[in-house]
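Step one of this worksheet: look at the structure below.
The numbers here are math on the coordinates, done by the rules we state, and not lab data. This one's a predicted model, so the numbers in the text were calculated from it and none came from an experiment. Here the Cβ positions follow ideal geometry from the backbone for every residue, glycine too, while neighbour counts run over all protein chains shown.
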Amino acid sequence: MMSVWSHRPKLLHLGFFVAAYVLACGFAQSLAIVPGTGISIWPASGLFIATLILSSGYSWPWWVLGGCLAEMFSNVLWFHSPPVAAFLIYVGNALEALVGAWLVNRVLTRPVRLESLQEVLAFVALGAGVAPIVSATVGSATLAWFSILSQSFLTAWPLWWIGDATGVLIVAPLALVVLHNWRGRPQLSTTQWMEACVLGLIFLAIAALSLSGYLPFAYIIMPPLLWAAVRFEFKGAAVSLVLLALITAIFTITGASQFAGDPEAQKHKQIMLQLFLAISALSALIVAAISRQHQLAVLSLRQSVEALRERERELSQLVDMVPAQIRRLTPTGEPVFFNKRLIDFFGLDVGDMDQPGVSRLSAVIHTLVHPDDAPRLLQTVHRSLVSGDPFSIKYRMRRFDGAYRWVDGRAEPLRDQNGTITQWYVISVDIDDEMRAQEALRERERELSQLVDMVPSLLWRLDPDGTPTFFNQRLIDFLGLDIIDMETPGVSRLAALIEAAVHPDDAAGLTEALRLSLATGERFSKQYRLRRADGVYRWVRGSAEPLRDENGRIIQWYGLTHDIDDQLRIEEELRERERSLWQIVETLPAMIDCAAPDGEPVYRNPQLRDFLGYKLEELDGKGKTRLDGTLDAGVHPDDVASVKLDYAHSLRTGEPYARRHRLRRFDGEYRWVETRAAPMRNAEGVIVQWNVICLDIDGEVRAEEDLRQAREGLARASQVASLAELSASIAHEVNQPLAAVVANSHACQRWLMAEPPNMERAQRTVERIIRDANSAADVVSRIRALFKQSADRKIQTTLSGIIEEARNLMADEAWRRRARIDLAVDANLPFIAIDRIQIQQVLINLIRNGIEAMDATADDRIVGIRAHQVGNLLQTEISDRGQGIEFPEKIFEPFFTTKETGMGMGLAICRSIVELHGGRLWAEKNKPRGATLVFTLPIETGAAP
């Protein structure tokens, strides 16, 4: 049911069918010229059958339903039969269409085009002969049953049958032609259109004259009808038949046709009308089919002729283009044809070499064949002409440019059915390049033979059974001719050769290895000692590969033997050296580590393994790389971050690595070590391994720390002593003026408190106070001048270089206190005029204060140094991440300190130095912690004298 629904026709097409069916019914009703007999021609049957032939079988129910609606509607308009009778009549018409379409589709190939006589006859017999029987039987029985028009079954049946057959013959071909060519345009030339117009006018004129009675014979219309069928085939026949039916209907309806007459003769006239249309349709369709077959035969003949001509051209081109020189000879050997390639090769045609008194064959051979080859070729050709046997010979032919080239000539005779030779066909192929290649191959073979003898190896060959068949010259020279040619009765040649030339300790193993390879076909490889011609045994390595044919069968064994005696001795020496070096590495009193190019450890000597207390393999499977696992497990937590950074830098840049850090020993104690790593590179400079050495320097570091503390204590004591001496000197110089100022002040106070106050005495006392104060000021000025004496020794230099020197001087101090110094110095800072030593002392003092301020900080011990230009000043900032400064301005006062052992003079002296250079020094608090010391220096154009 779903297939029927999915194959339903378009509503527009179904509507056209219903409309055409109703019009066909009306046309049939108009031709009902015999009163009381019903219709004479039924065009709807032809329309119905043609529609079903062209449509899918699944869609037939839809067309049957549409035909039913059209039939019942036409009954209401024109026939006025009882509904039941009208439905039964339609059942007969539908069965006629179904049977006719089914039979035609079964017998003819779809799509049905009526393009051959067989198809037309089958369509006429089945569609117009058999199918109308069903409709005539059902329809006549219905008319007799319902007594419609008072007709009996026997009276109505013949008229019904011939009426349906005529309708099928007239309408069905037109419907098939129209529906097949619905979307295509008629492919007619201008001449054919003109012919069609003339034919149409002649056809209409003759039809009008013959059917109107002016011409006594209606069948005179047949010539133009057949003309249309012959010239325009089925399209012309179908159109002409429809026009004939319409003209006949018009004249019959108007009573002007010879088929109209008195009621008594009308029945006979109707039969004549039906026969006229049926005969006309049958004749036109048969003639159209014959014309179509003729046209197809003519077209096929033309295509065959054209194909033969094309085949002849292709064959001619093949003969000329085939890459060979072809010629044809008569049974007596006279050349009669050269192909184009041979003519182009010679530069002459077959008749251009004729000579009086000489056969053409002899003339051609003596003219075009090399003189050394001409007699042999002529003798070979004559022998084949006499015996009739084919021949093949290689000789040299002269090309048009005079060059002789080698060719391979072959000839075969062509015989008739009696075996008599009718032609000789000769082909010659240019093999000059092949001959040269063969000569080159032979030369190559000679060179290869020399190569085999000269190659610095011992080459040999065995047959599949293991019998030696070839030794190269070097092997013969190595073994000696006597051994090569030796034969031992009852022993194979291979066994005798092994017994004579192979060391007794190796002979059995070599024999077994060869036997196994010969039995299994596997590759042979063995190391053994072979006796040289002078009796010395030398180590060699022999190997052999089998050569197989296309079936995999071994046909030869090819062997190669290398003298490796010197190589083995060198390898033994290298192994001994390697063992010695390995023992040195294993016993060296240092911890050694080897790592891959990515830093992953691959080897540790026993000293390093014993120090760490675990094996390298124990780091695997813990979710970390071996390098990260080693550093995390062994390096002190305060050092691990910086160690990883240094390692990463070296692995990234390939630079050597060196630094000190603390490493955890197996017992948990952290000890100071110095680690150094250097890359090992190949010939291309690519790193293939990192070699690392680790030295335990814990005792040295502790000794250096004790020495540093002793030096600091000595320096501090020296500073205290110097300060005490300086203080005593200052006190001595200042004490007398100050004592005089105090005494004069007391005297001035007494003079002012007297009654009355002695102003004159007080005035003189104040003058003495001023004198003594100035004396004290002079003392201080002289002390300050000590510092000013060096402030004038300025030179033009860069601040960035001084900062770098100060950083390098403080690097050890920073490393010892686990601090890092970061620089951020702007490039291209201008030159300034400064005292290099004093500014360096200022930087060192400020950096040391920053490092010491972070002693209580657990992490992020970073001293930052930044230098940049601000207007006409160079500003330098030293920042730390310590506890910060509680009194930023007070720290620059002399003798003010926040250190337990400080003297409070460093920052005061630093500020004095900076101010002597025209700059300024101040302190700032950092957030959230730490402090920044900032000083500026003016940019000067030149150095002071």
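Tabulated data
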| item | result |
| --- | --- |
| Total formal charge among the other residues, if their Cβ is under 12 angstrom from that of LEU361, Lys/Arg +1 and Asp/Glu -1 | 0 |
| Percent of Cα pairs exceeding the 17 Å cut-off, where the set is segment 529-629 | 73 percent |
| Computed lengthening from VAL322 to LEU348, 0.36 nm per intervening residue step minus Cα-Cα distance | 7.5 nm |
| Options PHE831, LEU874, ASN849, ranked by Cα towards positive dipole end of segment 795-938, top entry (Cβ charges) | ASN849 |
| Cβ-Cβ FRET estimate between ARG553 and ARG575, R0 fixed at 30 Å, reported to 0.05 | 0.10 |
| Cα-based convex hull, segment 588-696, per residue volume (Å³, whole number) | 102 Å³ |
| In Å, descending, principal axis extents of the Cα set of segment 322-437 | 43, 36, 26 |
| Rh (Kirkwood; distinct C-alpha pairs) - segment 795-938, Å | 15.3 Å |
| D (Stokes-Einstein, µm²/s), Kirkwood Cα radius, segment 52-99, 0.692 mPa s at 37 °C | 293 µm²/s |
| Rough spin-label spacing in nm, given labels placed 7 Å along Cα→Cβ, for ILE564 and ALA743 | 11.3 nm |
| Net length gained if the chain between ASN682 and GLN355 were fully extended (0.36 nm per residue, minus Cα distance) | 109.5 nm |
